[in-house]
Structure formats: structure tokens, C-alpha cells
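Only one structure is covered here, and it is reproduced in the block below.
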Amino acid sequence: MILGKFFGAIRGQLNKLANFFWEADPIAQMQYEYDMAVEQLKEGRQGLEQYRGLVERVSRQVKDGESQITKLQAQAKAYLKAGDRETAGSFALQLTKAKATLEENKGQLAMHEQAYGNNLKKIQFANKKLVEVKDKISKYDAELKMSEAEAEVAKLTQSFNMDVTTDFGQLEDVIQRKIDGNRGKARVASDLSTDGIAKIDAEERMEKSMADDALKDLEVELGMRAPETTPVVTTAKDLGPAETVAEPEKVAE
């Protein structure tokens, strides 16, 4: 009585422990059960292979019996034709025993063939079910992981609420204020950047002109360009004020 209660309590604790592991990782438990079934199926297949060996042996005995009967019939018939009834009778007796053994072996063969066929069918069915279980394990594993991911995303969506009353909302406000400050500094720098631009532009124009002159000199030096000549500007010599010749006065008629 006391031992019965004790073992009952132990069994209850073991069941609780098993339920804990089942709840903790059901996919792993399914995989474990699948692996156990696969091992049992392997053992069943090995047993079926051994049983098939027995069936083949009985089948061979049936074939040997049929050959022996054919041989004994021919021998008995030959001795009868030869008039040796005593020897023919001996072969006839062996023939009768061989026929009885053959019928017994045929019965055994039929029984073993049927048993083998039934066991083969069971193993094939079990193998088919194991394939289905394996597919279910993969499916459930994917669905379970997806549902867990969806649950985590749902929690993150709630946690990442950008309301000003939440930590993320306050942090976002700090970030926006820093961005506004940086943009203000950049605008001031841009407004001040026009100072000295005219001088820079003048230097750039001077450098461009010098570069053009240097390039022209190089082209002349390489014979790629005729040297430029300075045009002569003709100027009138200053000989003093020109004398004016008085026109003759007209004589009144």
C-alpha cells in the first residue's frame, strides 16, 4: 500500500517533468519521437529481411521437392518397364513420402509468403507515415518560429511608440533639436562663405590667363603655332600748326 503510493507519486513527478520538457520545446520532442520510430522501423526491416530469408529457403525446398518427385517418378516407371517391381516399389514409396513433404512445404511457403506480405505492407505504411510526420515537423517548426517572430514584432511595435511621453519620443525630440542646431551652424557658415569670393575669382582668372599664355608659348616652341607679332600702329608726326591759305576774295561785278 505504502509502496504503491510511493511509486504513484514518483510516476506523477516524472509525468510533470515530461510535460515540462514537452511544453518547453515541442518540436524537439516531436523530432525525438520521430527518431525513435525510425530506429524501430530499421529493426523491423532487419527482421523482415531475415524472415524473407526463411521464405526463400522454404521456396527452394519446394522446388527441390518438385524436382525429386519428377526424378522418382521417372525411376519408378523405368523399373516397372524393366519388370523389376520390387525396386519400382521402393521408388514408389519414396515418391509418396516426397509428395507428402512437398505438400507440407507448399503449405509452409504459402503461409510464410502471406506473413511476409502482411509485414511488408505494415512497414511500407509505417514508412509512409514517418515521411508525413517528418513533413509535419518541418511545417510546425517553421510556423512556430514565424509565430514567435510575429509576436516579437508586435511587442517591438508597441515598445517603439514615438509618443512624446515615452523614452523613444523624448530621445527623438533630442535628436531633432541636435539636427536643427547643426543645420543652423551650416546656414551661418554658408552665409559667411561669400567673404573674399571676389579675390578668389580674380586669382582664378589670373591663373587661367597665365595658363593660356604658357600654353601658347609651348605651342610656339613645339612649332604647333606661329609666333604672334605685335601690330605697328602708325601715328601722324606733329609738325606744328598747319598754315592756312587764304582764299582770294571775290570781285563784285
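For this structure, a couple of remarks:
- Cβ-Cβ under 9 Å pairs, at least 6 apart or on other chains, region 108-123 side within 17 Å of K63 (Cβ to Cβ), far side modelled with pLDDT of 90 or more and of a type in the set (S, T, N, Q): Q108/Q61; L109/S59; L109/Q61; H112/S59; E113/S59
- The test for being basic (K, R), part of a helix (DSSP H, G or I) and at pLDDT 90 or above does not hold for K122.
- Qualifying residue in region 199-206 (condition: over 43 Å from the mean Cα position of the chain (by Cα), modelled with pLDDT under 80 and not charged (D, E, K, R)): yes
- Of note, Y140 satisfies the criterion of being of a type in the set (S, T, Y), within 30 Å of Y32 (Cα to Cα) and in a helix (DSSP H, G or I).
- Boolean, D135 is at pLDDT 85 or above, within 23 Å of Q29 (Cβ to Cβ) and not β-branched (V, I, T): yes
The values are calculated or read from the model by the stated rules, or taken from the named source; none is laboratory data. Keep in mind it's a predicted model, so treat the numbers as computed, not measured. Every residue, glycine as well, gets a Cβ built from its backbone with ideal geometry; the counts of neighbours run over all protein chains shown.
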